[in-house]
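Handing you this structure, nothing more for now.
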Amino acid sequence: MSELASGTGTMVTPRAERPEAGPGGAAATPAEMAPLEVTDLRTTFVSRTRRTEVVRGVSFTLRRGETMMLLGESGSGKSVTARSIMRLYGSSAEIGGQVKLGGRDLLDLPEAELRSVRGGQVALIPQDPTGALDPLRRIGSQLTEVLRVHGIEHTRRAARARAEELLRTVGIPDPARVATSFPHELSGGMRQRAVIALAVSCDPQVLIADEPTTALDVTVQAQILELLADLQHRLGTAVLMVTHDVGVAGDFGGRIGVMYAGKLVEEGPAADVLSAPRHPYTKGLLESLPTPEVERGRLRSIVGSPPGVGEFPDGCVFAPRCPQAVASCHESDPPLLRIAPGRGAACPVANPPRPVDSAEPGRAA
Amino acid sequence: MTALTDVAPPRPPAATGVTRRRRRRMSTTARIAVVVVGLIVAVAVIGPFLVGDPNVGDTSRRLLAVGSPGHVFGTDGQGRDVLSRLVVGTRLSLLAGLVPVLFAAVLGTGLGMTAGLSGVWGHRTIMRTLDVFYAFPAVLLAIAIAAALGSGVSNSIIALAVILVPPVARVAETETRRLVDLDYMEAARASGASRGSIALRQVLPNVAPPVVVYCTALIGLSIVYAAGLSFLGLGVSPPTAEWGLMVSDHTQYIYSAPFLAAIPALAILIASVAFNVLGDGLRDLLDVRGEVRA
Amino acid sequence: MLGYIGKRLAMAIPILLGVSLVIFITIKIIPGDPIASLLGPTGTPESRAALESRMGLDRPLPVQYVAWLSHTVVGDFGTSIARRTDVAPMVLDALGNTLILTAAAAVLAIVLGVGIGVLTALRRNSLAARLGNAFALFSISVPQYSVGLLLIIYLAAGAGLFPVSGMYNPSSGGGVVDLFNHLILPAATAALVPAGIIARMFRSAVLDVMSQDFIEALHSRGLSRRRVMAHAFHNTVPSLLTVAGLQIGNLLGGVVFVEAVFAWPGIGLLVYQSITQRDLPVIQAGVLVSAFAFVMLNLLVDALHGLVDPRVRT
């Protein structure tokens, strides 16, 4: 946290009430070393007539300042995973498992405490910046509301000054004008910067970015990713980014968790996963991408289509489409196997146990 | 885009939600409305053959109460059987509400599509002219027109048609403009289809569902207004059996026979509700977005 | 903002001109002979010609229209055929009374409509919501003329709670309380239909706003449910304005039935009576001032809309 206090004049200053960020920058507590620990997360949407399990046991750990990419096709449950962490589905979903943040389980928190975590310690950057802003409120007023709700600033004037400071932090050149603008008066890129300013306004430990660039022009996408990387570096925030774009995942770095049908099928450092995938689904996904070396039209794609939500087969969910599937794949669902330090893949066929050190059971998936 | 066909593709799907949409069907209420509308139409068609002459009255048997022997709904001030008058009046009351909507549907769709498909000036001329009719409080305009033309069913039908055309035209225009912006219209134009053929084969099939839904709900309103014009003495003339006229007839006896005025009023209410619910049901069935604005 | 209002104002002028033209034409196509009814049975061809030229009826139609319009613009609506008095004060009095009734009905309709709309949107399966839905469904189909009658029967005549008709009690000499007593039944009757429509529209407006992404975004920023709802309701105001404006406008005309049933001395009753007397100048003026009030109301709604929603001020 010390780099915050000594940062540039426009930087966000740390909150005094956060114990681990005491004067002089106390050593990080263990809780802060692993701010977010998700264990066996399961999300089931319930309606009067049916129950649909969309996230089916996802576990991962996100350390301070670290990046985790949830990569997957639409419908893989990556967005739902991200939102379930903040319990944004209310009573329409049942969420099981554990989401530990600083020693507390977010899934057990009472409403009031959950509210102070939302926006305060865990913030969300939604996909579409237009939809993320109240269209009838000026940008500045939306910022000051959050600052005052979380007790960052207590007076209107201080909040307003802080709001402009935040807008400058996210690279908006004329914060005074933008603060008095309505969302529709800004460009898409500016709007997403304002949304990011809202997200980092309370100096969160974890930033969840749900496809933060999908709704933007290609030229703006790179700027926004750069801004996120920059903020992460300066604020020491952990970032959980959801994306379907392998390119974005590769550029942003950090670790990658590949999701398929509500499960993590592969996990590891971005560069390793993308250069040497160890799960047949990840392989198929990467082979279906156009690269300069492969001509268009000669791309290989995965046979078949992902199972519909709630229509999961027995055994490995990818088995029906998997070129390497063997009989046992259709019988039992393999857990995420620890295949190398920091790497996991849910495929015993592609990763046969080595004779010397047998595969660790891995974290229960 | 595969090939430039001249068959209109189905409406583009709305943004898909997390769960796949179930097959759309009518609610139970809407099914009941279908039955009620069917019954009303049946009564209008065959009812007059089933009951006695609605204009024959026995003045010695005036204002009989509901449930009297031989007169289930009692008798009116001239001793006429209320049930007979109600049944016979169904045909005229229904037609007086239905026909203006039919007129408005045809005329409004034509105007709206023309406006939507023509250039800036054609569009402006038509829509600004319609705006003028929008600037009148609708009921008052209908009353003024009906008054100007003189009483009679046909005049009340014309008056109602005039006030119903502009809203129908707006619905058709909005839908047409939405279609014109879509890619496949561009494709149809590029393929050399004529304006008329585009209007008939591409636009009309897509404009029709929302217009039909809107007009179904308008029928309820139109029935109430038509009976209202008769109530004010601007529709049919006595002694014709018609619901609005019956309300106004029976009003004279609200102190001696309070239920009398409620009977035709209830008939109007039931018919109107039935068509409104039917409109809602059709909207869900055809997946037309938006509420019907009266 | 001022520019926006100015633009709206400029758009209202051609509409008002069109309105006057429609009224003029409607009057011209009326079958029957207003001159004959003015002259009475004693009229001679000479007196007829004299009256025609005095009223300008022998001139070409466009000239007649311009002449009529130029009088109308300065508030000269001519003379009533039936009452032989100036039309303008008669019509303006009646318009005032209609506006009182309309305003009362509008307040009732908005309160009821918004209440039921919120209830049915947020507590979808409760008993109260079901009742609210049923009310909204039936009230939009209600024939006002007979509901008014039923209210007269049960609350006014039967229970003696409210006066049966009129605006003031002639013996008590008027006053606000008296006006209020007379106002309740007609206002409640007139409010039924718009209340139902506002309820349905507002319900879908609330559901629409609640399904928008920014609601989730606000929750994700840790705002309390109350604060999120405040944002949501703020966002329903534009659609509420549109619907309410439309419905209040419809009330201006729709109250004619209510006025006829409750003998409320408004524009509707005046026009209705003038119809039976074939008193054309009064009908003409009555419809014209109603349309004028209607256009002005729309202008006001547009201005408020621009005030509430920055996106429409362009």
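Taking C:D208 and the conditions (1) within 30 Å of A:V200 (Cα to Cα); (2) in contact with a Lys or Arg (Cβ under 6 Å, 6 or more places away or on another chain); (3) within 12 Å of chain B (Cβ to nearest Cβ), which numbered condition does it fall short on, given that it satisfies the others?
That leaves (2) as the condition not met.
Here are some residues: C:A188, C:A230, C:A217, C:A199. Which one is open to solvent by less than 10 Å² (accessible area, probe 1.4 Å) and more than 7 Å from every other protein chain (Cβ to nearest Cβ)? Before the answer, list the steps.
Values: C:A188 fails: open to solvent by less than 10 Å² (accessible area, probe 1.4 Å); C:A230 fails: open to solvent by less than 10 Å² (accessible area, probe 1.4 Å); C:A217 fails: more than 7 Å from every other protein chain (Cβ to nearest Cβ).
The match here is C:A199.
Tally time: how many residues in region C:137-147 are more than 7 Å from every other protein chain (Cβ to nearest Cβ) and either at pLDDT 80 or above or buried (at least 24 other Cβ atoms within 10 Å of the Cβ) (or both)? Break it down stepwise before answering.
The initial filter retains those residues of region C:137-147 that are more than 7 Å from every other protein chain (Cβ to nearest Cβ), namely C:139, C:144, C:147.
If we keep only those that are either at pLDDT 80 or above or buried (at least 24 other Cβ atoms within 10 Å of the Cβ) (or both) too, we end up with C:139, C:144.
Qualifying residue count for the region: 2.
For region A:175-185, does any single residue satisfy the condition of being out of contact with any Lys or Arg (no Cβ under 9 Å at 6 or more places or on another chain), away from every other protein chain (no Cβ under 12 Å) and open to solvent by 10 Å² or more (accessible area, probe 1.4 Å)?
yes
Restricting attention to region C:77-89, report how many residues are in contact (Cβ under 8 Å) with a residue 12 or more places away in the chain, under 22 Å from B:P137 (Cα atoms) and open to solvent by 30 Å² or more (accessible area, probe 1.4 Å). Break it down into steps so the answer makes sense when it comes.
In the first step, residues of region C:77-89 are kept if they are in contact (Cβ under 8 Å) with a residue 12 or more places away in the chain; the result is C:77-83, C:87-88.
Adding the requirement that they be under 22 Å from B:P137 (Cα atoms) leaves C:77, C:87-88.
This time we only want the ones that are open to solvent by 30 Å² or more (accessible area, probe 1.4 Å), so: C:77.
Total meeting the criteria: 1.
Here are some conditions: (1) assigned to a helix (DSSP H, G or I); (2) surrounded by fewer than 17 Cβ atoms within 10 Å (Cβ to Cβ); (3) at pLDDT below 80; (4) within 13 Å of chain B (Cβ to nearest Cβ). C:G32 meets all but one. Which one does it not meet?
The number of the failed condition is (1).
Please indicate, with yes or no, whether at least one residue in region C:250-262 is free of Cβ contacts under 8 Å to residues at least 24 places away in the same chain, surrounded by fewer than 24 Cβ atoms within 10 Å (Cβ to Cβ), within 24 Å of B:L221 (Cβ to Cβ) and within 9 Å of chain B (Cβ to nearest Cβ). Talk me through it step by step, then tell me what you get.
Applying the first criterion (free of Cβ contacts under 8 Å to residues at least 24 places away in the same chain) to region C:250-262 yields C:256.
If we keep only those that are surrounded by fewer than 24 Cβ atoms within 10 Å (Cβ to Cβ) as well, we get none.
Taking every residue of region C:250-262 in turn, none turns out to be free of Cβ contacts under 8 Å to residues at least 24 places away in the same chain, surrounded by fewer than 24 Cβ atoms within 10 Å (Cβ to Cβ), within 24 Å of B:L221 (Cβ to Cβ) and within 9 Å of chain B (Cβ to nearest Cβ).
Right, here's the next one. Are there any pairs, at least 6 apart or on different chains, whose C-beta atoms fall under 6 Å, with the first in region A:129-156 and within 11 Å of chain C (Cβ to nearest Cβ) and surrounded by fewer than 21 Cβ atoms within 10 Å (Cβ to Cβ) and the second outside any loop (DSSP other than H, G, I, E, B) and of a type in the set (S, T, N, Q), and if so, which?
A:L136/C:N235
Next up: I'm trying to understand the selection: among the residues of region B:225-239, which are in a helix (DSSP H, G or I) and open to solvent by less than 10 Å² (accessible area, probe 1.4 Å)? Full working, then the answer.
Within region B:225-239, the subset in a helix (DSSP H, G or I) is B:225-231.
Hits for region B:225-239 are B:A226, B:A227, B:G228, B:L229, B:S230.
Going by what's in this entry, would C:A134 be described as outside any loop (DSSP other than H, G, I, E, B) and either modelled with pLDDT of 80 or more or under 18 Å from B:L269 (Cα atoms) (or both)?
Numbers: outside any loop (DSSP other than H, G, I, E, B): yes; either modelled with pLDDT of 80 or more or under 18 Å from B:L269 (Cα atoms) (or both): yes.
It is true that C:A134 is outside any loop (DSSP other than H, G, I, E, B) and either modelled with pLDDT of 80 or more or under 18 Å from B:L269 (Cα atoms) (or both).
So, one more: State whether the residues of region B:65-86 include one that is closer than 30 Å to B:V212 by Cα and either modelled with pLDDT under 80 or surrounded by fewer than 17 Cβ atoms within 10 Å (Cβ to Cβ) (or both).
Step one: of region B:65-86, the residues closer than 30 Å to B:V212 by Cα are B:86.
From what's left, either modelled with pLDDT under 80 or surrounded by fewer than 17 Cβ atoms within 10 Å (Cβ to Cβ) (or both): none.
No: region B:65-86 contains no residue that is closer than 30 Å to B:V212 by Cα and either modelled with pLDDT under 80 or surrounded by fewer than 17 Cβ atoms within 10 Å (Cβ to Cβ) (or both).
Something else about it: Is it true that B:S256 is more than 23 Å from B:G110 (Cβ to Cβ), facing another protein chain (nearest Cβ under 9 Å) and either modelled with pLDDT under 85 or touching a Cys at 6+ places or on another chain (Cβ under 6 Å) (or both)? Show your work before the answer.
Numbers: more than 23 Å from B:G110 (Cβ to Cβ): yes; facing another protein chain (nearest Cβ under 9 Å): no; either modelled with pLDDT under 85 or touching a Cys at 6+ places or on another chain (Cβ under 6 Å) (or both): yes.
In short, no.
Related question: Where in region A:171-263 are the strands (runs of 3 or more DSSP E), entirely inside, with at least 3 residues that are closer than 26 Å to A:E287 by Cα and either at pLDDT 85 or above or within 16 Å of the chain's Cα centre (by Cα) (or both)? Step through it out loud before you land on a result.
Details: elements: A:206-210, A:238-243, A:255-260.
Filter on region A:171-263 gives A:238-243, A:255-260.
Restricting region A:89-121 to residues that are assigned to a loop (DSSP other than H, G, I, E, B) and within 17 Å of the chain's Cα centre (by Cα), which is surrounded by the most Cβ atoms within 10 Å (Cβ to Cβ)? Spell out how you get there, then give the answer.
We begin by selecting, within region A:89-121, every residue assigned to a loop (DSSP other than H, G, I, E, B); these are A:89, A:102-103, A:109-110, A:119-121.
Now narrow it down to the ones that are within 17 Å of the chain's Cα centre (by Cα): A:89, A:119-121.
Numbers: A:Y89: 19, A:G119: 26, A:G120: 23, A:Q121: 21.
Result: A:G119.
The values are calculated or read from the model by the stated rules, or taken from the named source; none is laboratory data. This one's a predicted model, so the numbers in the text were calculated from it and none came from an experiment. Neighbour counts are summed over all protein chains in view; Cβ atoms, including those assigned to glycine, are modelled from backbone coordinates with ideal geometry. Please note that ligands, DNA and RNA were not included when accessible areas were found on the heavy atoms of the full protein model with its side chains. Shrake-Rupley method; radii C 1.70, N 1.55, O 1.52, S 1.80 Å.
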